Amino acid sequence: FTIMPIYGTRPEAIKMAPIVKVLQDSPDFECVVTVTGQHREMLDQVNEIFGITPDHDLNIIQPRQTLNGVLTRTVEGLDKIFAETPPDAVVVQGDTTTSTAGAIAAFYRGIPVIHAEAGLRSFDLFSPFPEEANRKITSQITSLHLAPTSTSKENLLREAIAEQDVVVTGNTVIDALLHTVEQQLPFTDPQLEEIASSGKRVLLVTTHRRENQGEAMRGVGRALARIADAEPDLTIVLPAHRNPVVREAVLPAIEGKPNVVVTEPLAYGEFTRMLSVAHVVLTDSGGVQEEAPSLGKPVLVMRENTERPEAVTAGTVKLIGTDEERIVTEVDRLLNDDAAYREMANAVNPYGDGRAAERSLAAIAEMFGVGERIADF
Ligand code: UDP
């Protein structure tokens, strides 16, 4: 059977890589990888690290691309491939526009859709935008739902998805993380190597969420500048997202601060190593919220809501919104209140055990009558 993973952005590439690997190793399946290129360099960087060479590359990226542009170019590109060589199923991951476009294009051609990281819900259609809508649309046209946690499974059942079509796998991001952290990859930038070995405390920051772009992100920049001034012994590391809208908002306030290091997006191996070095993580990312708890790092999430409540309940993630004052206060607390820090750092990681890809493969094998599922995560 031919299975086609379809992905286009950095987070999808990271989370799809473990699934690609198990499909490639399986004697029952042929794995044909299609990338859309919704992100370009950040996508290629991840494929390279995991040794994945795409079979098809739609290369749809355009400067300042719109969501509708991404959707239409993806559907059009995939449809040509499906017309010539239809796979037996596609796998899409998560909630990007590539992911939903891939699901729609396959569905319209009668090709079954397998959805990895299914069932996450923030319960606010416009936040995160467009991700909440993307994942709900994808769920409606999916044949096999690979839910990362029992919470995400329950969300699907509440939407009347049939229980036999849902498998709880754990999140493949933990498979990718454990595999990568183990390798302890060196930093290419000597400044980062120096920070990592200096023993100084690091605040690792990432921001890119669409609904934070604009004034909220300018506030993040101002908050970082204030933290940098107040904590001269702290090093703030900010791998800046490629999106120019993000850079234009965040960077002006922190330019020239001696203890703020702004880098290009880090290769996955380097980012996860920085994550393991970091003292505190400040982010609006989905994936980072899942990875950091696995490494025992407290995470302050600059969002009002999250589709990943498990780590909030476990106590290792705290939602703090994007208010400048609040960011300064919350970071200050974690830097200067040991009890508050320990409470967050000691909580357990609820997202996976490193066997999510194995469970996904077993469920796909069952779907095609060539294997049996293994016990849920
Ligand atoms: N990441 C990376 N390099 C960086 C920043 C993040 O490899 O400089 C990884 C991170 O480990 C995580 C993923 O990118 O697995 C998260 O991507 P992003 O925050 O862009 O998207 P989201 O998860 O919010 O959809």
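Derivation of every value follows stated rules applied to the coordinates shown; laboratory data play no part. No experiment lies behind these values; they were computed from the predicted model shown. With ideal geometry, Cβ positions are generated from the backbone for all residues, glycine too; neighbour counts draw on all protein chains shown.
Show which aspartates and glutamates lie in cross-link reach of residue 80 when reach means a straight Cα distance below 20 angstrom and same-chain residues fewer than eight apart are skipped.
Straight-distance partners of residue 80: 30, 55, 57, 88.
How are the C-alpha pair distances of the range 179-284 spread across 5 Å bins, as whole percents from the shortest bin up?
2, 13, 24, 24, 20, 11, 5, 1
Report, in listed order, any pair from 200/257; 200/297; 15/136; 136/318; 15/297 with a Cα-Cα distance greater than 22 Å.
Too far apart for the 22 Å limit: 136/318.
Can you give the net charge of the other residues whose Cβ lies under 13 Å from the Cβ of residue 18, counting K and R as +1 and D and E as -1?
In short, -2.
How high is the relative contact order of the range 187-345? Use alpha-carbon pairs under 8 Å, at least six apart in sequence, and give a whole percent.
This gives 23 percent for the range 187-345.
Hey, with R₀ at 45 Å, roughly what FRET efficiency would residue 255 and residue 140 work out to, going by the Cβ-Cβ distance, to 0.05?
Plugging the Cβ-Cβ distance into 1/(1 + (r/R0)^6) gives 0.50.
Over the chain, what relative contact order in percent results from Cα pairs under 8 Å that are six or more residues apart?
Once normalised by length, the contact order is 15 percent.
About its Cα centre, what dipole magnitude does the range 66-138 give when the only charges are +1 on Lys and Arg Cβ and -1 on Asp and Glu Cβ, stated in debye to the nearest 20?
Here the range 66-138 has a charge dipole of around 80 debye.
Put one equal scatterer on each alpha carbon of the range 282-349, apply the Debye formula with no solvent term, and list log10 I(q)/I(0) at q = 0.23 1/Å to two decimals.
For the requested q values the scattering log ratios are -0.97.
Rounded to the nearest whole Å³, what is the per residue volume of the convex hull around the Cα atoms of the range 225-377?
139
If you put +1 on each Lys and Arg Cβ and -1 on each Asp and Glu Cβ, how big is the dipole of the chain around its Cα centre, in Debye rounded to 20?
520
As a test of the formula, what do you get for the chain when each DSSP H run with n ≥ 4 contributes -39,500 (n - 2.57) and the sum is divided by the residue count, at 222 nm and rounded to the nearest 500 deg cm²/dmol?
-14000 deg cm²/dmol
Place a +1 charge on the Cβ of each Lys and Arg in the range 187-345 and a -1 charge on the Cβ of each Asp and Glu, then give the dipole magnitude about the Cα centre in debye, rounded to the nearest 20.
Once rounded to the nearest 20, the dipole reads 120 debye.
What Kirkwood hydrodynamic radius, in Å, does the range 19-92 give when the mean of 1/r is taken over all pairs of distinct Cα atoms and then inverted?
13.5
Using +1 at the C-beta of Lys and Arg and -1 at the C-beta of Asp and Glu, which of 56, 240, 196 has the Cα lying farthest in the positive direction of the dipole of the chain?
Of 56, 240, 196, it is 240.
Calculate the spin-label point distance for residue 65 paired with residue 133, positioning each point 7 Å from the Cα along the beta-carbon direction, and give it in nanometres.
Going from the residue 133 label point to the residue 65 one covers 1.8 nm.
Roughly what % of DSSP beta bridges within the chain run antiparallel, to the nearest 5?
Taking every DSSP beta bridge within the chain, about 0 percent pair in antiparallel fashion.
Grab the alpha carbons of the range 85-133, take their convex hull, and tell me the volume per residue in Å³.
Spelled out: Cα convex hull of the range 85-133, divided by residues, is 70 Å³.
Mind checking the log10 I(q)/I(0) for the chain at q = 0.06, 0.15 Å⁻¹? Debye, one equal scatterer per Cα, no solvent, two decimals.
Reported log10 I(q)/I(0), two decimals: -0.21, -1.36.
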